[in-house]
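Let me begin by presenting the structure, written as structure tokens, before commenting on it.
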């Protein structure tokens with residue numbers, strides 16, 4: 001399979017139980033989606049395995065490269081260390097956007113529940129700014145403000161600054177669609193709905209077959225969608241020599 005001008009692959013996982021070596025284990029169902037140079041969404045691939053194993057993530061990303069993944073400008077995922085290390089090693093030259101939703105969950109786990117709404121509302125104002133300069137200024141202001149009462153949150157924001165704000169290096173029209181992995185939630189929910197019917201899968205192969213069917217349906221739906229996910233005009237701002245890219249006619253790259 002050849003992939004065309006993918007700008008922002010998203011990587012996310014959901015967990016399903018399957019029998020492995022006579023034991024029932026939680027297996028990670030990993031899905032990668034992307035946006036073509038024309039602004040259309042497509043499924044890049046999926047796999048089932050142990051998400052705690054860095055080698056699993058590396059093999060998955062290399063399989064996407066082997067199928068033709070190239071020109072990647074941004075990768076969006078959570079901060080799983082094995083995944084982040086694999087992105088740096090395999091997708092050279094691509095920026096990494098830390099999912100703001102996953103980051104918020106990490107922050108809320110560190111503070112008293114009663115303070116959660118206030119802290120979450122404060123952090124959200126960072127992402128409500130109109131341009132890069134205002135985003136960065138608001139980030140500094142919120143970090144300082146929260147640091148007075150929650151130094152651990154200020155430290156988390158400071159450490160994650162570059163990764164949380166990677167989206168600002170891209171057209172503002174894209175921001176809402178590239179600062180988190182939320183666009184994958186619908187796909188993950190459908191996988192959960194289908195797999196819950198089975199409960200515990202007899203093996204990883206059976207789980208992979210079902211997941212493959214679900215994401216193939218998703219890919220097909222995206223291919224016939226009348227509206228592009230990101231406009232062609234805004235996508236052309238990412239390239240030195242804009243071209244009118246054809247709509248994708250590719251079939252999904254699926255691990256089997």
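Along its three principal directions, the equivalent ellipsoid of region 99-248 from the Cα gyration tensor extends over semi-axes of 34, 27, 11 Å, largest first.
FRET efficiency for the residue 101 to residue 133 pair, using the beta carbon distance and R₀ = 25 Å, is estimated at 0.55.
Relative contact order for region 100-170: 28 percent, from Cα pairs under 8 Å spaced at least 6 residues apart, divided by residue count. Counting every pair of alpha carbons in region 100-170, the share spaced more than 14 Å apart comes to 55 percent. Could you pull out which residues in region 203-219 have an amide N less than 13 Å from a spot 7 Å beyond the Cα of residue 19, following the Cα-Cβ vector? The answer is 203-207. Convex hull volume of the Cα atoms of region 22-151, normalised per residue: 163 Å³.
When each of the peptides 126-135, 98-107 is scored by how many other beta carbons lie within 10 Å of its residues on average, the order from highest to lowest is 98-107, 126-135. Normalising by residue count, region 82-134 has a Cα convex hull of 98 Å³ per residue.
With 0.36 nm allotted per residue and the present C-alpha distance subtracted, the residue 152-residue 79 stretch has 24.6 nm of extension available.
Relative to the present Cα-Cα distance, how much length would full extension add between residue 209 and residue 53 at 0.36 nm per residue of separation?
Extra length available between residue 209 and residue 53 comes to 54.0 nm.
Efficiency by 1/(1 + (r/R0)^6): what FRET value for residue 140 and residue 200, r their Cβ-Cβ distance, R0 = 51 Å, to the nearest 0.05? That pair, residue 140 with residue 200, gives E of 0.55. By the Stokes-Einstein formula, at 1.567 mPa s and 4 °C, the chain with its Kirkwood radius over alpha-carbon pairs has D equal to 67 µm²/s.
Dividing the mean sequence gap of close Cα pairs (under 8 Å, 6+ apart) by how many residues the chain holds gives a relative contact order of 29 percent. Over the chain, dividing the summed -39,500 (n - 2.57) contributions of all DSSP H runs of at least 4 residues by the number of residues returns a 222 nm mean residue ellipticity of -14000 deg cm²/dmol.
Bear in mind that the values in this text are calculations on the coordinates, not laboratory data. The shown structure was predicted, so the numbers you read here are calculated from the model rather than taken from an experiment. Methodologically, a virtual Cβ is constructed for each residue, glycine included, from the backbone with ideal geometry; neighbour enumeration extends over all protein chains shown.
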